[in-house]
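The numbers here are math on the coordinates, done by the rules we state, and not lab data. For clarity, every value in this text was computed on a predicted model and none was experimentally measured. No Cβ is skipped: glycine too gets one built from the backbone with ideal geometry, and neighbour counts run over all protein chains shown.
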Amino acid sequence: MSGHSTYQPKTGFERWLDSRLPIIRLAHDTAVSYPTPRNLNYWWTFGGILTLCLGVQIITGIILAMHYTASADHAFNSVEHIMRDVNYGWLIRYMHANGASMFFIAVYIHMFRGLYYGSYKAPREVLWLLGCIIYLLMMATGFMGYVLPWGQMSFHGTVVITNLFGAFPIVGEAITTWLWGGFAVDNPTLNRFFSLHYLLPFVIAGVVILHIWALHVVGQNNPTGVEPKSKADTVPFTPYATVKDGFAMSVFLILFATFVFYMPNALGHADNYIPANPLVTPAHIVPEWYYLPFYAILRAVPDKLMGVLAMFASIGCFFALPWLDTSKVRSLRYRPTAKLYFWIFVLACLVLGYCGGRLPDDPVIPGLKTFILGDSDPNSFVWLSRIATAYYFAYFAVIIPVLGLVEKTLPVPETIASPALSHPAPAKTEA
Amino acid sequence: MSNLAVGATTDPGHSSDDPSRRDFIHIAAIAAAAGGAAAVVWPFIDQMNPAGDTLALASVEFDLGKVMQGQQVTIKWRGKPLFIRNRTPAEIAKAVQDDNASMKDPAKDADRTKEGKQQWMILIGNCTHLGCVPTFGGGEYGGWFCPCHGSVYDTSGRIRKGPAPLNLALPEYAFLTDTRVKIG
Ligand code: HEM
Ligand code: FES
């Protein structure tokens, strides 16, 4: 796909620079002449949106770091100082705090897009793996950022998450002590998390460059999952993709601004406005919404070590996906049965997210008490998360590999541009 | 030249035992570099372990006279909560009575207190599941309840129900006098 360059230096300076550092050529080939499949829909605009999110986090983050103090005694007050005294500090902080949530909304959509259209399949495995690495780095960055205001949720969230590593036999305790830099979560922990929170977004930026490089080698997938075969199948990135991406970004920014200006604390927890107190744990401790499905998986398993392993394995599934899927057809458009299981998977993730935010023993249907199954009533969030967890793993380990072998798929169009007669939707929406 | 066996050419600077000498130099060089790299990496890893002054903040003394029967005081020790509980005779009786009940981490109540000072229950107040601070009075065993994932401890701090694998940990402590303890 990357083909050869069509860049023509126009001015003398451009010619001079082009033979020394062809940076304008690189930009031109990447963002202007780059051929994109002509049938990309709005689910393909989230890559651009994610780049925007990373930019917003880095700019607002660097500004926050100018006013923030990474010290257990001063962190909480310095965030309050940002909120009350620093000019527009409230705006910058609300952009950063809500920006993290927006970033995760976008990344989840981006990932499920890949899942639906089979974008992880050959030859895009490395592209997919790089994406999974970015996601892991984002989770680490978001977690460490949430520690910085040093409120009650920051503190006890850190205690719980760092203690996860204590589940490993023999080395567990040494790892947690090493992470903490002491006998408990304390000032050394806060300082190192700030250092890493500052660093990781730039590591993410580096991996994003690799991700885009890999993308430009193999080319974009598209809603049909059929590779472009001729010029008729593609359009140049500019103006087609730039304008579509720009429009999608604008809509996304409206959502972002709605949170920042009208409900800046809706996605946070009131408890984090209470300064950290190691002696009292908040009655209901939950992580940020974007970790809730994994938190539910952790709690679904009654054994400490197995729970931790299940949680890591649930992320590992995404890494293994390119080698688990046996189907030759990329897009779920032509796989009606797989489509059904996909939507159940989406539902299972949402259910897990919901369960992760509730107390395990609370009833799902209020007021209904049945009997005790194992350790609790089947009408409880812990049992609901067990069902969803079972489906989550079955989807990757059984459904995806088996379905690819046994499913009867619909006919796939020859090319992107050819009238897609096989498409279930009216043919005019294609082309 | 047909009488010259291929490979039999002798080059004075390239004798037949040379390859192994060369291998040796390669292995030695790589080993030295790897050893050097490991020696440099270790300080970069170890710097994250507790610093000298953190390790030095090890012990505290506490005046038990402040704690009435049936009361619990929580103090901070090594950054962690420490429960100092003056148990009622009923709590002690309950703990002793359950000594032989089936438990995940079996222990006798007498082994979790100092001899003759059975009323003093001194515990590290972090749930052994993922470290939250349990509250006293919750759960069905009359002891501590952890709000995070529902672990239940009895009046001896032993794990009775929930995901926590171990009893609440006991710090090292000694009675200096009848009313003073030194912890750590
Ligand atoms: C991947 C990009 C990033 C993500 C997902 C992220 C996420 C977060 C989150 C969730 C918080 C807690 C907000 C709150 O509840 O108060 C936070 C705080 C913070 N972040 Fe970031 N961040 C990112 C990049 C950066 C960068 C590049 C810097 C610095 C150069 C930075 C500096 C800070 C500072 C100083 C705070 C503490 C102030 C506060 O809590 O508002 N962040 N970050
Ligand atoms: S931390 Fe106490 S039950 Fe999980």
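Structural remarks
- Between the stretch A:1-47 and the stretch B:104-163, the alpha-carbon center distance in angstrom: 65 Å
- Label point at B:THR177 placed 7 Å out along Cα→Cβ; residues across the stretch B:43-78 whose backbone nitrogen lies under 20 Å: B:60-69
- Listed cross-link partners A:LYS244/A:LYS328; A:LYS121/A:LYS408; B:LYS66/B:LYS114; B:LYS104/B:LYS182; B:LYS114/B:LYS161; B:LYS94/B:LYS117 are compared with a 23 Å cut-off, the Cα-Cα value being larger for A:LYS244/A:LYS328; B:LYS104/B:LYS182; B:LYS114/B:LYS161.
- Rg and Dmax over the alpha-carbon atoms of the stretch B:54-183 stand at 13.9, 40 Å.
- Each of A:ILE372 and A:ASP73 was given a label point 7 Å from its Cα along the Cα-to-Cβ line. The distance between the two points is 5.0 nm.
- In nm, spacing of pseudo-spin labels at A:VAL217 and A:LYS229 (7 Å Cα→C-beta vector): 2.6 nm
- Within the protein assembly as shown, the cysteines lacking any other cysteine Cβ closer than 4.7 Å to their own Cβ are A:CYS53, A:CYS132, A:CYS317, A:CYS349, A:CYS355.
- Estimated FRET transfer efficiency (A:VAL203, A:GLU14; beta-carbon r; R0 35 Å; 0.05): 0.60
- Whole-Å distance, taken between Cα centres, linking the stretch A:123-192 and the stretch A:241-280: 22 Å
- Distance between modelled label sites at B:THR88 and A:ALA397, nm, 7 Å Cα→Cβ extension: 4.9 nm
- Dimensionless Rg ratio for the protein assembly as shown, taking C-alpha atoms and the 2.2 N^0.38 Å reference: 1.20
- By the rule of a C-alpha distance below 17 Å, with chain neighbours fewer than 8 residues away ignored, the aspartates and glutamates paired with B:LYS108 are B:GLU91, B:ASP98, B:ASP99, B:ASP154.
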